[in-house]
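Written below as structure tokens is the structure these notes are about.
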Amino acid sequence: MKHGRPHPLVMILLVAAATLFGRALPTWTLSLATVAASNALIALGIVVLARTGNVSFGQGLFFAAGGYGVALVANAWGITDAVAQMIIGAVCGGLLGLVIGPLIARYSGIFFGMLTLALSMVLYGALVKSTALGGSDGFNVGRPSLFGTVFTDPREADFMLYAVSVVTTGLAGIAATILFRSELGLASLAVRENNLRVEYLGISANRVVTINFVIAAIFAGASGAFALMAQRHIDPQFAYWTTSGEFVFVAVLAGYQSVAAVFVASLALELVRSFSNLYLPNTWQLVLGVFLLGVILFLPRGIGSLWIRDQGKRVKPAVTRPVAAEKGVAL
């Protein structure tokens, strides 16, 4: 473990343990944990993007693209394998990110966030009006399988989806950890601190933002595929602004310093939402709001600051030193 960050091999063991632990979980918690893992995946992408100083309020755009892409392929060609559907969702989100990324990378701050939100709502409006895609009601898809095995037992089906989502999100977390320590990760922090200085070092700040944006889009597309598999139904709500806001909610809770914090924040949000909805059905939104305000008040750097307290002190020297120039990096 280095500077409070676990080694990737340790993270692999943790992912394997979390997957096997699902066997001991009650059935209702399997569904909750699957949703938490799916939300953590898309929130992880927002954290990756936030390291450049930009926050996307429209990740529902890629979330819906992944979900609708998987649903259309599944109904047209009968592809029900969970891993294949996850890959299809990630490809759909990534391709859309490749188209939008270079255009939106020219903006920053509130303009960046509002533009992503606007694009998401444009897709929402198009989906609502599209009768071929079910309009506002959407349409259903079949139960997912795994490597040719069809699960008729509901608990086995829930565990399969839990295992695939946890493994996928865990591997994405390991990849993000490696990314944060890489030269691209340092360049992302440099763009966040002073993008003009990054340009002086010979690094394209727009290209750095675009790469992070595409990574976030890939994660969002895969998350949309998992949401579709869990619900077996898709509708334009996938692209609505409240859906995107929920993912930003998780990213704010986690902070940008730690990958593990994203998983903790997503699970905490689902637990608070479930129990507050159960015991306080009329005021559960208020409970969520108080929970978020409490985290912002007492942990302004996010949940990750609980175990990476000194990260903020180490960031500035790392990003102000001409790291990329010294190593001859061309981004």
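What order do you get for 156-169, 120-133 when each peptide is scored by the mean count of other beta carbon atoms within 10 Å, highest first?
156-169, 120-133
Quick check on packing: order 35-43, 89-97, 274-282 by the mean number of other C-beta atoms within 10 Å, highest mean leading.
35-43, 89-97, 274-282
Please arrange Val262, Val198 by counting, for each residue, the other beta carbons lying within 10 Å of its beta carbon, fewest first.
Val198, Val262
Mind putting a number on the dipole of segment 156-265 about its Cα centre? Charges go on the C-beta only, +1 for Lys and Arg and -1 for Asp and Glu, and I need it in Debye to the nearest 20.
280 debye
Which residue, Phe298, Ile79, Val264, has the largest displacement toward the positive end of the dipole of segment 8-327 when charges sit on each Cβ (Lys, Arg +1; Asp, Glu -1)?
Farthest towards the positive end: Phe298.
Counting helices only, and only those DSSP H runs with n ≥ 4, report the 222 nm mean residue ellipticity of the chain as the sum of -39,500 (n - 2.57) divided by its residues, in deg cm²/dmol to the nearest 500.
Roughly -24500 deg cm²/dmol at 222 nm, from the helical runs in the chain.
When only Cα pairs under 8 Å and 6 or more residues apart are kept, what is the percent relative contact order across segment 178-278?
After rounding, I find 11 percent.
Any idea what the relative contact order of the chain is, in percent, if you count C-alpha pairs under 8 Å spaced at least 6 apart?
32 percent
Counting other C-beta atoms within 10 Å, which of Trp284, Trp28 has the fewest, and how do the rest follow?
Taking fewest neighbouring Cβ atoms as first place, the list is Trp28, Trp284.
Putting +1 on Lys and Arg Cβ atoms and -1 on Asp and Glu Cβ atoms, find which of Asn277, Ser136, Gln59 reaches farthest to the positive end of the dipole of segment 8-327.
Farthest towards the positive pole: Gln59.
Give me Arg106, Arg23, Arg207 ranked fewest to most by other Cβ atoms within 10 Å of their Cβ, as a rough exposure proxy.
Listing Arg106, Arg23, Arg207 from fewest to most nearby Cβ atoms yields Arg23, Arg106, Arg207.
Using only the alpha-carbon atoms, how far is helix 259-279 inclined from the longest principal axis of the chain? Give it as 0 to 90 degrees, nearest 10.
That helix lies at roughly 40 degrees to the long axis.
As I understand it, the value is the acute angle between the Cα axis of helix 60-77 and the longest principal axis of the Cα atoms of the chain; what does it come to in degrees, rounded to 10?
Tilt of helix 60-77: around 40 degrees.
Could you state the number of Å between the C-alpha centres of segment 248-289 and segment 38-73?
Taking the Cα centre of segment 248-289 as reference, the centre of segment 38-73 is 18 Å away.
I'd like the orientation of helix 109-129 relative to the chain: the angle between its Cα long axis and the longest Cα principal axis, in ° from 0 to 90, rounded to 10.
With both axes taken from Cα atoms, the answer is about 20 degrees.
Once you have a ≥ b ≥ c as the square roots of the Cα gyration tensor eigenvalues for segment 150-274, tell me rounded if a/c is under 1.5, and otherwise prolate or oblate according to whether a/b is larger than b/c.
Because a/c hits 1.5 or more and a/b exceeds b/c, segment 150-274 counts as prolate.
Using alpha-carbon positions, what is the distance between the centroids of segment 96-128 and segment 149-216, in Å?
Taking the Cα centre of each part, segment 96-128 and segment 149-216 sit 19 Å apart.
Bear in mind these aren't lab numbers, they're just calculated from the coordinates by the rules spelled out. None of these values were measured; they are calculated from a predicted model. Here the Cβ is made from the backbone with ideal geometry for all residues, glycine too, and neighbour counts use every protein chain on show.
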